[in-house]
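Asks: Below you'll find the structure I mean.
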Amino acid sequence: MKKYDSIIFDLDGTLWDSVNSVVDIWNNALIKAGIEPTMNYNELSKCMGLQIEQIFDKVIPQATYEQRRIVKQNCLSSEVDFLSVKGGILYKNLEDTLSTLKKSFPLFIVSNCQDGYINAFFTAHDTKKYFDDYECAGRTGKSKGENIKILCSRHNLKKPVYVGDTVMDFTAAEYAGIDFIHAAYGFGEVENAKKINTFAELIELTK
């Protein structure tokens, strides 16, 4: 018997690193809202996995409702189109590993991103062929844990595992009642969890 019947992935910090690709988009949006453009790789990488309102609370807590609206409007209108062309940095051996895993498991993505962001990952890197389905906060308005449950119900998944890089990902898997594997090469630290230090290690860990 296999340990799992499916694998669900987080996106940022697990499958790719898009931070350098979107820093300029965020800074341009801040300028248009009359806010000092202080976003950089380190600052934005700490926000990966958060929903956009949570990012605002973290990086521009002093912003007015109108400033937040302007930043959100400019980020959402630019980010997906830009990433669909430029893409991000795929983690080492990502496609070879996904191709191998796909032979044994249906693969899915659940992210806290805006609607269209996962499609940008598919378009820029021709990765849609590896995944059976996906769900995101931008499409449902729900938390990551709730979206994992939605996906599990939609596909009648009985023993899925969620692979992510942050404590929030661990908490989401726990909420959904499924196993978790920590992508330790990503943006966050998770204690007392099974982990992989490279994406390719997932092949052995899921056997």
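The values are calculated or read from the model by the stated rules, or taken from the named source; none is laboratory data. Please read all numbers here as calculations on a predicted model, not as lab measurements. Virtual Cβ from ideal backbone geometry, glycine too; neighbours counted across all protein chains shown.
Asks: Go through region 168-193 residue by residue and tally those that are under 22 Å from residue 96 (Cα atoms) and among the charged types (D, E, K, R).
Replies: 0
Asks: Please return the ranges of strands (runs of 3 or more DSSP E) entirely within region 145-197 where 1 or more residues are of a type in the set (D, E, K, R) and either surrounded by fewer than 21 Cβ atoms within 10 Å (Cβ to Cβ) or in contact with a helix residue (DSSP H, G or I) (Cβ under 7 Å, 6 or more places away or on another chain) (or both).
Replies: Those strands (runs of 3 or more DSSP E) span 179-183, 194-196.
Asks: Please go through region 1-25 and give me each residue that is modelled with pLDDT under 90 and hydrophobic (A, V, I, L, M, F, W, C), ordered by number.
Replies: Result: 1, 22, 25.
Asks: Considering only residues that are surrounded by fewer than 22 Cβ atoms within 10 Å (Cβ to Cβ) and either assigned to a loop (DSSP other than H, G, I, E, B) or at pLDDT below 95 (or both), which ones fall in region 111-136?
Replies: Listed by number, the residues that qualify are 114, 115, 116, 126, 127, 131, 132.
Asks: Answer yes if at least one residue in region 101-110 is among the hydrophobic types (A, V, I, L, M, F, W, C) and part of a loop (DSSP other than H, G, I, E, B), and no otherwise.
Replies: So far as region 101-110 goes, yes, one or more of its residues are among the hydrophobic types (A, V, I, L, M, F, W, C) and part of a loop (DSSP other than H, G, I, E, B).
Asks: Kindly indicate whether any position in region 50-58 is surrounded by 14 or more Cβ atoms within 10 Å (Cβ to Cβ), touching a Phe, Trp or Tyr at 6+ places or on another chain (Cβ under 8 Å) and more than 18 Å from residue 169 (Cβ to Cβ).
Replies: Within region 50-58 (the criterion being surrounded by 14 or more Cβ atoms within 10 Å (Cβ to Cβ), touching a Phe, Trp or Tyr at 6+ places or on another chain (Cβ under 8 Å) and more than 18 Å from residue 169 (Cβ to Cβ)), the answer is no, since none of the residues qualifies.
Asks: Answer yes if at least one residue in region 41-57 is more than 23 Å from residue 165 (Cβ to Cβ) and either without any contact (Cβ under 8 Å) to a residue 24 or more places away in the chain or of a type in the set (A, V, I, L, M) (or both), and no otherwise.
Replies: No, region 41-57 contains no residue that is more than 23 Å from residue 165 (Cβ to Cβ) and either without any contact (Cβ under 8 Å) to a residue 24 or more places away in the chain or of a type in the set (A, V, I, L, M) (or both).
Asks: Continuing with the same structure: If you take the residues of region 60-100 that are polar (S, T, N, Q) and assigned to a loop (DSSP other than H, G, I, E, B), which of them is surrounded by the fewest Cβ atoms within 10 Å (Cβ to Cβ)?
Replies: If we take residues in region 60-100 being polar (S, T, N, Q) and assigned to a loop (DSSP other than H, G, I, E, B), then 62 is surrounded by the fewest Cβ atoms within 10 Å (Cβ to Cβ).
Asks: Return the only residue of 176, 137 being in contact (Cβ under 8 Å) with a residue 60 or more places away in the chain, of a type in the set (Gly, Ala, Ser) and in contact with a Cys (Cβ under 9 Å, 6 or more places away or on another chain).
Replies: Values: 176 fails: in contact (Cβ under 8 Å) with a residue 60 or more places away in the chain.
The unique qualifying residue is 137.
Asks: Oh, and also: Hey, does region 15-32 have a residue that's assigned to a loop (DSSP other than H, G, I, E, B) and within 28 Å of residue 131 (Cβ to Cβ)? Steps first, please.
Replies: First, pick out the residues of region 15-32 that are assigned to a loop (DSSP other than H, G, I, E, B): 15, 18.
Subset that is within 28 Å of residue 131 (Cβ to Cβ): 15, 18.
So far as region 15-32 goes, yes, one or more of its residues are assigned to a loop (DSSP other than H, G, I, E, B) and within 28 Å of residue 131 (Cβ to Cβ).
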